[in-house]
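Peer 1: Pasting a structure below so you can have a look.
The values are calculated or read from the model by the stated rules, or taken from the named source; none is laboratory data. Everything numeric in this text was worked out from a predicted model, so none of it was measured. Cβ sites come from the backbone with ideal geometry, for glycine too, and all protein chains shown count toward neighbours.
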Amino acid sequence: MVQLFYLSNPKLCLNCNQPIEYKKRNNKFCKQSCAATLNNKLRGNRSEETKLKISISSRGKFWSEERKNKVRKKLVRYSLETRICKHCKIEFQVKSNSKNKYCSISCGKNNWRYKDATTRSYNEIEFSRLCKLYFNTVLDNEKMFNGWDADVIIPELKIAVLWNGNYHIKKIGNTHSLKQVQSRDKIKINEILKYGFIPVIIKDYGSKNYKFVESKFNEFISLVKNGLVSPQSYTL
């Protein structure tokens, strides 16, 4: 069970961002070459930083304040800080003066393709708005199910709606693991059922489209009126 849970959300290599296999889960890298690559990069940055620090400590007392400030600026340029990738949410190190928000080129380049995995889409927001006009209480993205959330939750009916875009349905890009995403979805559905809620999965294959949202909302209302049976999940 522990291994299954790990496979649904594996640790990623700090260098190449690929999943680390279960038996190596305590490692920071998927293979030795990745460890060497990242360590060499960091060692290069540290050596420049060390040189500047030595210069300041040994000869700095003879420098003018202007020269000291120039060296301090260089020191900041070479120092590293830890950030969290805006796309994949893993930690990475970058020079302090860098404006980079992504751990790799692929994360930055393909981030727009993963928008529905990290932010709420127009269609999901509109569906939630229609639900709020119809039901007394509607919650958005509340982590109510053992740390898992649902996109739209209707407590009075004990319904949890999962608005699944293409990120959950088909493979998008080389770094996207559809199997991993769908494994996580299964775990989430099981947790929702354990809490006595009924999962309703709405598949959204397209882009911004109010008519599509309206049609799915009408299907959803029809489903609710006909009566949902627990414990099971429904797909629209």
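Peer 1: State which residue pairs qualify: first residue over 15 Å from Q180 (Cα atoms) and inside the range 6-18, second residue outside any loop (DSSP other than H, G, I, E, B) and at pLDDT below 80 in any location, beta carbons under 7 Å apart, and separation of 6 or more residues or different chains.
Peer 2: Short answer, once both residue conditions are applied: C13/C34; L14/L38; N15/C34; N15/T37; N15/L38; C16/C34.
Peer 1: Just need a number here: residues in the range 202-227 that are surrounded by 17 or more Cβ atoms within 10 Å (Cβ to Cβ) and within 22 Å of I187 (Cα to Cα).
Peer 2: 2
Peer 1: Say whether the condition of being buried (at least 21 other Cβ atoms within 10 Å of the Cβ), touching a residue at least 12 places away in the same chain (Cβ under 8 Å), among the aliphatic types (A, V, I, L, M) and under 20 Å from N9 (Cβ atoms) is met by at least one residue in the range 125-146.
Peer 2: No, there is no match, as no residue in the range 125-146 is buried (at least 21 other Cβ atoms within 10 Å of the Cβ), touching a residue at least 12 places away in the same chain (Cβ under 8 Å), among the aliphatic types (A, V, I, L, M) and under 20 Å from N9 (Cβ atoms).
Peer 1: So D116 fits all but one of (1) of a type in the set (D, E); (2) modelled with pLDDT of 85 or more; (3) surrounded by 14 or more Cβ atoms within 10 Å (Cβ to Cβ); what number is the exception?
Peer 2: (2)
Peer 1: Tell me, which helices (runs of 4 or more DSSP H) lie completely within the range 166-236 with 1 or more residues that are among the hydrophobic types (A, V, I, L, M, F, W, C), within 17 Å of F127 (Cα to Cα) and in contact (Cβ under 8 Å) with a residue 12 or more places away in the chain? Give the derivation first.
Peer 2: On the way: elements: 166-169, 178-194, 210-226.
Filter on the range 166-236 gives 210-226.
Peer 1: Do we find that A150 is modelled with pLDDT of 90 or more, surrounded by 14 or more Cβ atoms within 10 Å (Cβ to Cβ), among the small types (G, A, S) and not in a loop (DSSP other than H, G, I, E, B) in this structure? If you could, list the steps in order and put the result at the bottom.
Peer 2: Working: modelled with pLDDT of 90 or more: yes; surrounded by 14 or more Cβ atoms within 10 Å (Cβ to Cβ): yes; among the small types (G, A, S): yes; not in a loop (DSSP other than H, G, I, E, B): no.
For A150, the condition - modelled with pLDDT of 90 or more, surrounded by 14 or more Cβ atoms within 10 Å (Cβ to Cβ), among the small types (G, A, S) and not in a loop (DSSP other than H, G, I, E, B) - is not met.
Peer 1: Would you mind stating whether A160 is in contact with a strand residue (DSSP E or B) (Cβ under 8 Å, 6 or more places away or on another chain), surrounded by 14 or more Cβ atoms within 10 Å (Cβ to Cβ) and either in a loop (DSSP other than H, G, I, E, B) or not assigned by TED's automatic domain parsing to the domain that holds G206 (or both)? I'd like the intermediate steps shown before the answer.
Peer 2: Details: in contact with a strand residue (DSSP E or B) (Cβ under 8 Å, 6 or more places away or on another chain): yes; surrounded by 14 or more Cβ atoms within 10 Å (Cβ to Cβ): yes; either in a loop (DSSP other than H, G, I, E, B) or not assigned by TED's automatic domain parsing to the domain that holds G206 (or both): no.
It is false that A160 is in contact with a strand residue (DSSP E or B) (Cβ under 8 Å, 6 or more places away or on another chain), surrounded by 14 or more Cβ atoms within 10 Å (Cβ to Cβ) and either in a loop (DSSP other than H, G, I, E, B) or not assigned by TED's automatic domain parsing to the domain that holds G206 (or both).
Peer 1: Only one residue in V138, V200 is in contact with a Cys (Cβ under 8 Å, 6 or more places away or on another chain) and aliphatic (A, V, I, L, M), so which one is that? Lay out the reasoning, then the answer.
Peer 2: Details: V200 fails: in contact with a Cys (Cβ under 8 Å, 6 or more places away or on another chain).
Exactly one residue qualifies, and that residue is V138.
Peer 1: Only one residue in C16, C30, C34 is at pLDDT 75 or above, assigned to a helix (DSSP H, G or I) and under 20 Å from I84 (Cα atoms). Which one? Give the derivation first.
Peer 2: Details: C16 fails: assigned to a helix (DSSP H, G or I); C30 fails: assigned to a helix (DSSP H, G or I).
Selected residue: C34, the only one of C16, C30, C34 that is at pLDDT 75 or above, assigned to a helix (DSSP H, G or I) and under 20 Å from I84 (Cα atoms).
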